[in-house]
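The values are calculated or read from the model by the stated rules, or taken from the named source; none is laboratory data. Just so it is clear, the model here is predicted, and its values are computed rather than measured. Surface areas here come from the heavy atoms of the whole protein model, side chains and all, with no ligands, DNA or RNA. Shrake-Rupley method; radii C 1.70, N 1.55, O 1.52, S 1.80 Å.
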Amino acid sequence: MNPFTPRVTAVIRREFILRVRSKWFLLSTLGLPLLIVGLGVLSAFLAVRGATDVGEERRVIGVADPAGLIGDLLIEEFLAESLDAARATEMEELSIGEARTRLSDSSYDLLLMIPRSAGRRSAQMPGETPAGNPGEETTLLARDNVPSVIESSIRGALQRASVRARLRSVGVQSIDPGALLRRTSFEVINVTESGEARSQDVYRMLSLGIAFFFYFILLIYGQMIVRAILEEKQSDIVEIMVSSLRPWELMLGKIVGVGAVGIAQMAVWALVFALAAVYGLTAGASTLAEAGIDIASIPVPWGTLVLMLFFLIFGYLLYAGMFAGAGATISNEHDAQQVMLPITLLIILPFIATQGVIQSPNAGWGVILSLVPFFSPLVMPARLFATSVPVWQWLVSLVLLGVFVLGAAWVAGRIFRVGILMKGQRANLPQVLRWIRHG
């Protein structure tokens, strides 16, 4: 039997056209992605402009090194960083408090105070807390706010100068400290049974993104169904509609119609973000290549994406049936918040669990949650992207999810059949159970 009768199709078309034509849909569908992309571009522009402004703004750094341990080395490093620096010999015998009061009258914008105790032990360098004197450490005094670019340059220069001083103390003069401090490139590659290589970091980020996407879809459009049913009940049009079609047909039309709106909106968002991502990745390909990330070498998991789509559809149908049944039991917006709360928690809990599943996708508790229908729409896709899931596990998960979708539709249909015509006080739990038994 085909459930999509002409009457159901008419409800779907009505729901879709009514919502697509609304100003909210046009604003959120076109405005939101453009706003996000625009904020990203603006943020990048301001970051570049801020770095340019910092480069144009010259600041004089004074180096107070009473032990004479690395002062000259620091000045060499600062000059290599295009920072103006000079030895602040007149400040070397002052305490931090005294230096603070003298800074405003000095010619320095920044003053780097290196404690005398830093030179008492050859194994200890500036920037490290001296043994027995936990309060003595290298301090940077500044007249004004220190931009992060300058702060990073000072930290790097201090570290390199400290390494050079250590090397000099043991007679090594010709080694580049930058080479010693350079991080080693490191990447974790997961190898599947078929020999397929997966970058662990990339797929973990993808898993988290998919989980958030599912959470957003289920939460937003599930609640939209409740409000769509509530609007019908408050406008009295539902009595006319039920006289010409069955309650389950109205419920199915509402669920599919709102879902179609969501698909259309997500398609537009995906297109805008895909174009922005392609442009951004193309523009930053050289930078990513320097970081050891080859975009072209990252495989597209088409099979996993198809499975993800099935879990999204089944998960939406499961929660949409629950939201539709809940919406049929209420008559005002205040009650809507209360009946949606338990269902919303059922969506939030698997989203929270997904954070741990991404880190340990093959843990026993993660496998179990990926089979539980109320968790599987979010947890199983996260596992599919994070690791190689045995075929029997995702098959069982899909079958169980499909069974629960049918069960939720049956329960929601019996609640909807009676509750859609009920008005006034919100139905209590015994009434809802009676509707399910005798609906």
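Annotation: amide H-H contacts under 5 Å for Val60 (H modelled 1.01 Å from N, sequence separation of 5 or more, or interchain): Asp109, Leu110.
Averaged over its residues, segment 338-397 has an accessible area of 39 Å² per residue, based on protein heavy atoms and a 1.4 Å probe. What shape does segment 311-363 take by its C-alpha gyration tensor, where a ≥ b ≥ c are the square roots of the eigenvalues and a/c under 1.5 counts as rounded, a/b above b/c as prolate, and the rest as oblate? Taking the square roots of the gyration eigenvalues as a ≥ b ≥ c, segment 311-363 is oblate. Full extension of the chain segment joining Ile17 with Asp105 gains 24.6 nm, where the gain is 0.36 nm per residue of separation less the Cα-Cα distance. Cα extents for segment 317-439 along the principal axes, largest to smallest and rounded to whole angstrom: 51, 26, 19.
With a ≥ b ≥ c the root eigenvalues of the C-alpha gyration tensor of segment 301-340, is it rounded (a/c under 1.5), prolate (a/b larger than b/c) or oblate? Display every interim value, and only then the final one.
Values: a/c = 6.57, a/b = 3.80, b/c = 1.73.
Judged from the Cα gyration tensor, segment 301-340 comes out prolate (a/c at least 1.5, a/b above b/c).
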